[in-house]
Every structure is written in structure tokens, then in C-alpha cells.
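Structure record follows, encoded as C-alpha cells.
Taken together, the values in this text are just the output of simple stated rules run on the coordinates, not laboratory data. In this text, all values refer to a predicted model and were calculated from it rather than measured experimentally. Cβ: placed from backbone, ideal geometry, glycine included. Neighbour counts: every protein chain shown.
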């Protein structure tokens, strides 16, 4: 069952989210959008997780706005307060899922959502696991010593949006802090797990790869199976 719900943030404000339910008592995952917004593709990720046995919630970080144009997506992303999105919207979503009965809640996100997943691991103490898909924030904002939950990440070696050199630096920082982290690298471009990043509407910096996407998805489910139950 899918529905829109309203979650209370720690500061008392609220954020709406798209909920795909797996059943009473199921473990849960907060899914964080790409820079396009809460669109059909990211709703599909939530529904796929629900079919796999995880209640999934996508907080609407853009408050109802979404786009298919890169220039507008960049404008929406740059207007987003990342710290507030992680510490308030995403934390509120994690807390809401626990209040609905999920014993454990993970966080996962793609592109911009990947960067926000990393920030959330430092700002959301209730999160029990995190899966990052090809996105990271400026490293000076990553307080790796505050990450207590295990993390998994998927990176494209041909990614020109989030360069692999930045991944090297991020992983060194995580290792130095003793984070329980596993990173996988794929001979793939940015957005390799987004099925809309193909055909005439794809952008030069993105390319869907069905084979690598399936490998990464399988690894994600195995990881959530171990960490969330």
C-alpha cells in the first residue's frame, strides 16, 4: 500500500513523504531523492523496497517541486539546506518509521541523496544502516567520528559528477574513523542504477547500466538483510 504521510521533524515542523508499506513490523528504509525531486522513478525505488519486505519512506525535500531539466534541478538542489534536510527532514522520517513500529531503519539515497545519506549518518543517531549510491558531500562537512551505524556504498569509476578521487578521500576518512564501511566500484557512469538515465532523454553525464544496477541492488538487499533484519 502506498500513501502520502506527514512526519514531524525534531524541531516541531513537518515534512510530507511518500510511504510504500511492506506490512506490520517490517524493517524500514528512508529513501532520499536525486536532485530531480520526488518523482516517479524514486517512488519506484520505494515500491521495489516494499516488495522486498522493507517499508520505505521518501521525504519530500523540495516540498512538492520536481523537474526533468538539469538546470532547474541544479537550482532546486542549491536552494536546499543540506544540514537541515539531514538533521530535520530525514531524521524526522527515520523517527516516524520507528514510531510506526519498525525496530530498525536504514537510510539510502542516490546522487544528491547519496551525499545526504552520508550527512544523515552523522546527524541521525536513530539510523541503523546506510547505503550510498554515487554521491558524497564536501568532505569538510563529513564528521566521520559521529558515524556509528554500518555503511555500504556504490561508486561509478567513470562518474564525472562525483569523481572517484573524491571517493578515495572519503573512504580514507571513514577508515581513519573506524566506520564499518564497505565500498563497491563499478565500471559505470553516474546514475548507473537509474533506469531513466538512458535513451534520448538521458544527459551526457549519466548512463544506466542494467547489469551493474542489479549487482548493486542485490548487494544492497543482502546488506540490509544483515543490518536491519
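Here the relative contact order of the chain, from alpha carbon pairs under 8 Å that lie six or more residues apart, stands at 16 percent. With neighbour counts taken as other beta-carbon atoms within 10 Å, the residues 222, 43 rank, fewest first, as 222, 43.
Where both bridge residues fall in the stretch 2-227, DSSP classifies roughly 35% of the beta bridges as antiparallel. Note on the chain: with a GNM built from Cα contacts shorter than 10 Å, the maximum mean-square fluctuation among 158, 13, 33 falls on 13.
Judged by the gyration tensor of its Cα atoms, with axes a ≥ b ≥ c, the stretch 142-229 is oblate; a/c meets the 1.5 cut and b/c is at least as large as a/b. Taking the fewest neighbouring Cβ atoms within 10 Å as the starting point, the ordered list for 69, 34, 126 is 69, 126, 34. For the chain, the spread of Cα positions along the three principal axes, ordered from largest to smallest, is 41, 40, 32 Å.
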